[in-house]
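Q: Sharing a structure here in structure tokens format.
Rule-based calculations on the coordinates, nothing more; no lab input. From a predicted model like this one, the values you see are computed outputs, not experimental measurements. Neighbour counts run over all protein chains shown; Cβ positions are idealised from the backbone, glycine included.
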Amino acid sequence: MGVEVVVEGLGKSFGTQAIWRDVTLTLPAGEVSVLLGPSGTGKSVFLKCLIGLLRPERGRVLINGVDLCTCAERDTYEIRKLFGVLFQDGALFGSMSVYDNIAFPLREHTRKSEKEVNRIVMSKVDMVGMLGAERKLPGEISGGMRKRAGLARALVLDPSIILCDEPDSGLDPVRTALLSQLLIDLNAQLDATILIVTHNITVARTVPDNLGMLFRRELVLFGPRELLLTSDVPVVAQLLNGRKNGPIGMSEERDTAEDPALPPEDPDNVRGIVPQLEPTPGLPRRDAVRRRKLRLMQSLHTLPTPARQAVLTTMTPTDLDDYDTWRRRTSAIPIATRKTTTPTTRVEEPAPRSRWWSKR
């Protein structure tokens, strides 16, 4: 099973230029999360801070109780073994074959025999659909294949945490869809914690369990996918709809902190939940879905009403019975009647600073 990653009050600057400040979020163990944001908002820098390649000036990154921001180099080295990273361009060694690129972490960090290395490498090559191309050089394969080779290399040490830095960049829509399906399939098989940094709206709408957004050096929102997909925060609505009008401009320096309201009659304003990708038939169900549902039951009352209603529509009558039982046991007001998926109006208002959501 994957590992929970807790980020508390993280801040990073380069000289006098603040990249982001006070970023606080939790990547739930074994779930898929996506981090959105316009270009230049420090999403890749955030990934580098998560694995200890960059040291933030403030805050903590807790993994298995170890703070990567302050721990000794030896501890950092051990924690990094939990990670697999897919870089933007694949970051393959150009003079080495695809096979040798994928085998590199095994030869560098383990004492496995070449027979074991071959078995593991070929299993990962098969997993990403590259059988027959393993002896080619990176320059002899397409950009999409280099991405998949980079993903295979990220998987050879069976990581508990997988970071993907814009896995869809440079790919056509079909390859992007196939790569998205592959990530969901990997989560079903490995139960790893996955964080994807992307600009792709389709990926953001269909892949993650949790969704977040960086903008103007702040974390705007982070929480269940339903939170952002039903959000009326202008910058979130603008990015998820790919509109030119809104707080996001062509230049990062000119992005406005103002939140002009989106005209209700705007035909480009698309809100709502689309179905999340399911594992390919024949693969196991994702354990993350069950864990997430249990966690959401305990924090549902903290979500805004549109997000809460969206979550309820995905619950079965049995789920609602379990939720109602839990609410009664904790002496809270039930928000859904038994034996129906229709929520009642007896709901609590969300807490002002819930761990699930916050507007900066």
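Q: Return one number: the angle in degrees, 0 to 90 and rounded to the nearest 10, between the long axis of the Cα atoms of helix 317-329 and the longest principal axis of the Cα atoms of the chain.
A: Its long axis makes an angle of about 70 degrees.
Q: From Cα pairs below 8 angstrom and at least 6 apart in sequence, can you work out the relative contact order of the stretch 34-97, rounded to a whole percent? Kindly include the intermediate steps, with their values, before the conclusion.
A: Values: 30 pairs, mean separation 12.4, N = 64.
For the stretch 34-97, the relative contact order is 19 percent.
Q: Antiparallel versus total DSSP beta bridges in the chain: what percent is that, nearest 5? Before the final figure, lay out the partial values.
A: Working: 21 of 38 bridges.
Of the beta bridges lying entirely in the chain, close to 55 percent run antiparallel.
Q: Residue 14 to residue 158: extension gain in nm, 0.36 nm per residue of separation minus the Cα-Cα distance? Don't skip to the answer; put the middle values down first.
A: Details: separation 144, 0.36 × 144 = 51.84 nm, distance 3.33 nm.
Result for the pair: 48.5 nm of gain on full extension.
Q: Here's something else I'd like to know. Among (i) 1.02; (ii) 0.98; (iii) 1.11, only one was calculated for this model; which label is it, if the read-out is Rg/Rh (Cα atoms, Kirkwood Rh)?
A: (ii)
Q: Kindly provide the helix-only [θ] at 222 nm of the chain, computed as the sum of -39,500 (n - 2.57) over DSSP H runs of four or more divided by all residues, to the nearest 500 deg cm²/dmol?
A: After summing the helix terms and dividing by the residues of the chain, the value is -10500 deg cm²/dmol.
Q: With +1 assigned to the C-beta of every Lys and Arg and -1 to the C-beta of every Asp and Glu, and no other charges, what is the dipole magnitude of the chain about the Cα centre in debye, to the nearest 20?
A: Details: 49 positive and 44 negative charges, 129 e Å.
Result for the chain is approximately 620 debye, rounded to the nearest 20.
Q: Do you know the relative contact order of the chain, to the nearest whole percent, from alpha carbon pairs under 8 angstrom that are 6+ apart? Walk me through the numbers before you get to the answer.
A: Working: 659 pairs, mean separation 65.4, N = 360.
Computed value for the chain: 18 percent relative contact order.
Q: Something else about it: Connecting C-alpha atoms closer than 10 Å in a GNM of the chain, tell me which of 102, 184, 120 has the biggest fluctuation.
A: 120
Q: Further, regarding this structure: Which value results for Rg/Rh of the stretch 56-161 when Rg is the Cα radius of gyration and Rh the Kirkwood radius based on the inverse mean 1/r?
A: Rg divided by Rh gives 1.04.
Q: Hey, can you grab everything whose amide H is under 5 Å from the amide H of residue 214? Only 5+ residues off in sequence or another chain; H modelled, so Pro and N-termini drop out.
A: Amide H neighbours of residue 214, under 5 Å, 5+ apart: 36, 37, 220.
Q: Among 12/136; 48/115; 48/124, which pairs are too far apart, with a Cα-Cα distance over 30 Å?
A: Violating the 30 Å Cα-Cα cut-off are 12/136; 48/115.
Q: A further question follows. From the P(r) of the stretch 128-217, can you give the percent of Cα pairs sitting at distances over 22 Å? Working shown, then result.
A: Details: 1151 of 4005 pairs.
Tail fraction, whole percent: 29.
Q: Any idea which of 163, 2, 49 is furthest toward the positive side of the dipole for the chain, if Lys and Arg beta-carbons carry +1 and Asp and Glu beta-carbons -1?
A: 2
Q: Something else now. With an 8 Å cut-off on Cα pairs and a minimum separation of 6 or more residues, tell me the relative contact order of the stretch 124-247 in percent.
A: Reported as a whole number, the value is 17 percent.
Q: Could you please state, rounded to a whole Å, how far the C-alpha centre of the stretch 1-58 is from the C-alpha centre of the stretch 107-131?
A: The stretch 1-58 and the stretch 107-131 have Cα centres separated by 30 Å.
Q: Here's a follow-up. Work out from phi, with θ = phi - 60° and the Karplus expression 6.51 cos²θ - 1.76 cosθ + 1.60, the ³J(HN,Hα) of each residue of the stretch 56-73, listed in order in whole Hz, and give x for Gly and Pro.
A: x, 6, 9, x, 9, 10, 9, 9, 6, x, 9, 8, 5, 7, 10, 6, 5, 4
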